[in-house]
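Notes follow the structure.
The values are calculated or read from the model by the stated rules, or taken from the named source; none is laboratory data. Computed from a prediction, not measured in an experiment: that's the story for all the values here. Neighbour counts are summed over all protein chains in view; Cβ atoms, including those assigned to glycine, are modelled from backbone coordinates with ideal geometry.
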Amino acid sequence: MSRQQTCTLGITPEMLSSLRDNHLPTAEKARLGRHIPDCDACRGTLTQYEVVAHTLLRQSELDPGNRVWRGVQAHIARSGTRRAGFTAFAWHGAGATLAVLLVVAIFALALRAIGHSQSINSLFGSTVTQATQAATEIASPNATATPTSLNQPNATQSWGPNAATASFTLPFSNTQSFQASAITPDGKLFLGDMFTSTGQGKQPQQQAGYVASATNQFTPLAGMPTTGEPQCCQPDSTGRYLLATDSTAPGATGASLHLRLWIYDMQAHQIWLAATGQQYPEIFNARLDHGLLIFATDKGLEIIDVNSRKATQPPPLAVYSVLVAYSWPYVFYSPITSAGQDTLRVYNLQTQAESVMGTVLGTYSFGAVTGDTMFVTDQTSQGILVYEMDHFTTAGAQLRLITTYPAQDGRIVGANDRLIAFQGTYSWVWDRAESHFVSLSTITNQNGTLATEILTGNELAFAYAGSSITPSSGLPPQQKGSIYDTSKLPLSGNPPPS
């Protein structure tokens, strides 16, 4: 049984309920929108509300029965530490409220049949070969981590004075502020939203687009609506496609019914509406990689080839599930069943093989994946324990404790062959080659809004608030920082700090 996490800022379920009902002042909504992306406890609560919301809509009987009720209780208890299934960009900025507009009323009659695991045919009649099953149970490690020193070397001490390939100051004025949520794999474009003031006390208008690091010029995504709180963007690993989202009814209940997924072609400079929450019905979250858009729906996980615009649904994915992560060729997902099971499964899109990885999500929070190496975390009184699992689809693969991030609000936001990036109190990255943390800034990021780490491929962007005072217009603060090409970072041979 996992430990129930507590919000470090004391955000209560009642406050999240008011957020969902759109009963909070604009400033408070913006504050929560900035806090929730970095709080496992709040995201875990909202994930539970999402499951209950889905079940409430599907309720057809009043008596759930004791067996199903016990299963639901077990599932909710185990899911307390799980990361919410929304993509990183969907949580960013003042527009993050779209991602957290979830039903909060927990009624017993709604807790019947929390999952429906029967296989279904693809809505488009196109499937791939049935996957072969290969069970891989994960044994919990019995390691004890030593406390991490707060005296960590900075980037200059670890990688030299010329480690940063560029510095940046993103567009900002009294009427506009660009907020980056991602960077393209080549490090040339910042992806995000331009916030434009519409008057004091009013919510700023959002426009999805990107800023070129060379010119600092903002370019909107042509054809992307501005009225649905657009959120940009998640880049494809090839750099050609971007995934953006918006809502047909911002602030309304049933956010999954109103969510829309947009694909922008950077070569053709064209956008197309790939999927809507009313079409499937319901879209809960989405990921883009290797030219494939994968998203969780009421009927399981759907896949769209963005080149051909053809949709498929492999039979193993045709089950109501949480989409945990997607990194080509691996799809990580967790089926929700009436028995309250919460297993992590991995589907290989190349081999069409499925691995059942045990109840890892019942105890750990999923962090990131790079190649065939997976990282998960576990919250303790010392901070966040960070575990690594190499060759995670291999039978007998084990979690290995590698370090402790010394703050309970920490979470992994990305990983590659060289680094693990975190969001939390300390603006640190874990240098995998040298086995110690590197401090990117002395900023103590207590509320999770002053500094942001973005890792895409080999490109690491560290952004911090250039202004400590948010303008009265309601605009988010200016962002500035540095970019690192992690594939070119030197090896210093420095031992870990004592």
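Scanning the range 256-315 for residues that are assigned to a loop (DSSP other than H, G, I, E, B), under 18 Å from Ser334 (Cα atoms) and in contact with a strand residue (DSSP E or B) (Cβ under 9 Å, 6 or more places away or on another chain) yields Glu282, Asp298, Gln313, Pro314.
Scanning the range 383-404 for residues that are over 17 Å from Trp430 (Cα atoms) and either polar (S, T, N, Q) or outside any loop (DSSP other than H, G, I, E, B) (or both) yields a count of 3. Close Cβ contacts (under 8 Å, 6 or more residues apart or on different chains) running from residues in the range 322-351 that are under 18 Å from Ile412 (Cα atoms) and outside any strand (DSSP E or B) to residues that are of a type in the set (A, V, I, L, M, F, W, C) and at pLDDT 90 or above comprise Leu344/Val324; Leu344/Phe332.
Does the range 359-369 include one or more residues that are touching a strand residue (DSSP E or B) at 6+ places or on another chain (Cβ under 7 Å), at pLDDT 90 or above, at positive phi and small (Gly, Ala, Ser)?
So the first thing to find is which residues in the range 359-369 are touching a strand residue (DSSP E or B) at 6+ places or on another chain (Cβ under 7 Å), and the list is 360-361, 363-369.
Keeping just the survivors that are at pLDDT 90 or above gives 367-369.
When the remaining residues are screened for being at positive phi, the result is none.
Within the range 359-369, none of the residues are touching a strand residue (DSSP E or B) at 6+ places or on another chain (Cβ under 7 Å), at pLDDT 90 or above, at positive phi and small (Gly, Ala, Ser).
Of the residues making up the range 168-189, just one is among the hydroxyl-bearing types (Ser, Thr, Tyr), surrounded by fewer than 19 Cβ atoms within 10 Å (Cβ to Cβ) and not in a loop (DSSP other than H, G, I, E, B), namely Thr169.
Considering Thr238, Thr215, Thr245, the condition of being of a type in the set (Val, Ile, Thr), at pLDDT 95 or above and assigned to a loop (DSSP other than H, G, I, E, B) is satisfied by Thr215 alone.
Okay, residues lined up against (1) closer than 19 Å to Leu261 by Cα; (2) among the hydrophobic types (A, V, I, L, M, F, W, C); (3) out of contact with any Asp or Glu (no Cβ under 8 Å at 6 or more places or on another chain); (4) modelled with pLDDT of 95 or more:
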site	(1), (2), (3), (4)
Ile294	yes, yes, no, yes
Asp298	yes, no, no, no
Leu301	yes, yes, yes, yes
Ile304	yes, yes, yes, yes
Ser308	yes, no, yes, yes
Ala311	yes, yes, no, yes
Val319	no, yes, yes, no
Val322	yes, yes, yes, no
Ser334	no, no, no, no
